[in-house]
Amino acid sequence: MNVLVVNAGSSSLKYQLFDTNTETVYAKGICERIGSEGSLIDHKQLIKGLKVEKQIPMKDHSEAMKIVVDALTDPEHGCISGMDEIEAVGHRVVHGGAFFSQSILLSDDVLAKLELCRDFAPLHTPAHIMGIKGCLEVMPDKPQVLVFDTAFHQTMKPEAYMYALPYEYYEKYGIRRYGAHGTSHRFVSGVMAELLGKPVEDTKIVTCHIGNGSSISAVKGGKVVDTSMGFTPLAGVEMGTRCGDIDPAIVPYMMEKDGLSTEEVNTVMNKKSGFLGISGFSSDSRDLEAAIANGPDDPHYERADLAVNILKHQIKKYIGAYAALMNGLDAVVFTAGIGENNPHLREIVCEDMEYFGIEINKELNAVTLRQPNIVKLSTDASKTAVYLIPTNEELVIARDTAAIASALKA
Ligand code: ADP
């Protein structure tokens, strides 16, 4: 089945056209600066290896969708002959609140519930709704499926998702842990469970999705027991520009000391912290690693090293905590930009973890470029398997969309 996967942001729209029978990506691209001057489409046709970048006005997501369809059906750099060859559309949705524990076919009721999730992801949800409405305008008769980043985490028990605040905050505002990157955790834990070669019910896996945004999950028997992100994607481990878990009393303290507004303190925690805040010069792990590799003569060495060591320390703590929660640990998986591409971080996380039966092969671990392949990092003697598994959230969206759309036809 040909499935168009759409990931709509506030001013962008990323897309991939899959043939889900062969799991081939025919084309992919991005529309940028939607609604402002200089909007453009960057389109890649992957069968013939063609690439076009075109400035073209797009006043909203509906116009962007039309331009995407034009690119996909273009006689020269397209890959299908007409819109009727697109059989279904799958949308990535960042937050589904407690409404959605699995992917779902779009309906009026679903859209109404998604509207109620606006407050949980104020930057993303309105963009998703614009993307969905844009698709509805351009392809009103195609099944549209929503795939939620929060859905996989809905298996957590209340003891894992509740905060020890007065209960009324949960009742009034839905304040609880929702988690993030669920589609990625689901994909890599699924692949890992297969690699373990035992019934999924018996597997105990920690998945480390480490990128600009990072989260760690405990997946026992194929279900999330706990995850590091919380009510918002600010919680958990140190990230590119986000602080992760801090003592909550620090927030009013900083506000009082520096006279910060709510918005300002939010900016400090979301945009000025993490790698950037600690290193004082970059949010990108490549820059930090370069400074560390240069050694103490590099002016950024000390704080780059500190930034990376903070993350290492926190990931170790999560692995230990999650092994305790699951009463065991079969495998640790690294994925996403840093998890897939930063051998140094993987090595220091896995160091001194014999207690958990973790031992990695440093040569196998030294893979540097984004790997299209799964790489086993642990030695054969290692009791706990350690793997690099490249994530593929788009593939999960395409698969779920095809499954739901096929069921409609049956
Ligand atoms: P996002 O959370 O925005 O999706 P990514 O998963 O792409 O982020 O992760 C971004 C991080 O991954 C950056 O810190 C970057 O340094 C790192 N990264 C991405 N690609 C590479 C690479 N080829 N080599 C080293 N680091 C990389």
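Observations on the model:
- Scanning region 279-289 for residues that are part of a helix (DSSP H, G or I) and open to solvent by 50 Å² or more (accessible area, probe 1.4 Å), we see that the one that is farthest from the ligand (Cβ to nearest atom) is D287.
- When L325 is tested against (1) farther than 25 Å from E354 by Cβ; (2) touching a strand residue (DSSP E or B) at 6+ places or on another chain (Cβ under 7 Å), only condition (1) is not met.
- Residue within region 52-61 that is closer than 22 Å to G182 by Cβ and either open to solvent by 10 Å² or more (accessible area, probe 1.4 Å) or over 25 Å from the mean Cα position of the chain (by Cα) (or both) present: no
- Inside region 376-396, residues that are within 21 Å of H181 (Cα to Cα), open to solvent by 10 Å² or more (accessible area, probe 1.4 Å) and outside any loop (DSSP other than H, G, I, E, B) make up a count of 4.
- Matching entry among L165, L146, L123 (being at pLDDT below 95 and either open to solvent by less than 70 Å² (accessible area, probe 1.4 Å) or more than 19 Å from V225 (Cβ to Cβ) (or both)): L123
- The selection criterion, being away from the ligand (no atom under 16 Å from the Cβ) and either open to solvent by 80 Å² or more (accessible area, probe 1.4 Å) or within 20 Å of I310 (Cβ to Cβ) (or both), holds for E359.
- Some residue of region 252-262 being within 16 Å of the ligand (Cβ to nearest atom) and free of Cβ contacts under 8 Å to residues at least 60 places away in the same chain: no
- When K142 is tested against (1) among the basic types (K, R); (2) touching a Cys at 6+ places or on another chain (Cβ under 8 Å); (3) closer than 17 Å to T232 by Cβ, just one condition goes unmet, and that condition is (3).
- When residues in region 293-311 are screened for being buried (at least 20 other Cβ atoms within 10 Å of the Cβ) and closer than 24 Å to I358 by Cβ, 3 of them pass.
- Residue list for region 194-250, restricted to those being away from the ligand (no atom under 16 Å from the Cβ) and touching a strand residue (DSSP E or B) at 6+ places or on another chain (Cβ under 7 Å): L195, L196, K204, I205, V206, A218, V219, K220, V224, V225, D226
- Those strands (runs of 3 or more DSSP E) of region 202-251 in which 2 or more residues are closer than 19 Å to R346 by Cβ and open to solvent by less than 20 Å² (accessible area, probe 1.4 Å) occupy 204-210, 214-220.
- Looking only at region 319-346, and only at residues there that are open to solvent by 40 Å² or more (accessible area, probe 1.4 Å) and more than 14 Å from the ligand (Cβ to nearest atom), the one that is farthest from the chain's Cα centre (by Cα): N327
- Being within 21 Å of the chain's Cα centre (by Cα), within 16 Å of the ligand (Cβ to nearest atom) and either hydroxyl-bearing (S, T, Y) or farther than 28 Å from E359 by Cβ (or both) is a property that L276 has.
- Number of the exception - A307 against (1) in a loop (DSSP other than H, G, I, E, B); (2) within 16 Å of the ligand (Cβ to nearest atom): (1)
- Apart from one condition, G97 fits all of (1) assigned to a strand (DSSP E or B); (2) at positive phi; the exception is (1).
This table checks each residue for (1) among the basic types (K, R); (2) over 26 Å from A323 (Cβ atoms).
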| site | (1), (2) |
| --- | --- |
| I250 | no, yes |
| E264 | no, yes |
| K272 | yes, yes |
| A293 | no, yes |
| V308 | no, no |
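- The residues of region 26-57 that are assigned to a strand (DSSP E or B) and either among the aromatic types (F, W, Y) or more than 14 Å from A71 (Cβ to Cβ) (or both) amount to a single one, Y26.
- Pairs, first farther than 12 Å from C79 by Cβ and without any contact (Cβ under 8 Å) to a residue 60 or more places away in the chain in region 13-37, second open to solvent by 40 Å² or more (accessible area, probe 1.4 Å) and part of a strand (DSSP E or B), C-beta under 6 Å, six or more apart: I30/K14
The values are calculated or read from the model by the stated rules, or taken from the named source; none is laboratory data. Keep in mind that what you see is a predicted model, and the values were worked out from it rather than measured. Here Cβ is always computed from backbone atoms with ideal geometry, including for glycine, and neighbour counts include all displayed protein chains. Note: accessible area is taken over every heavy atom of the protein model, side chains too, but ligands, DNA and RNA are not part of it. Shrake-Rupley method; radii C 1.70, N 1.55, O 1.52, S 1.80 Å.
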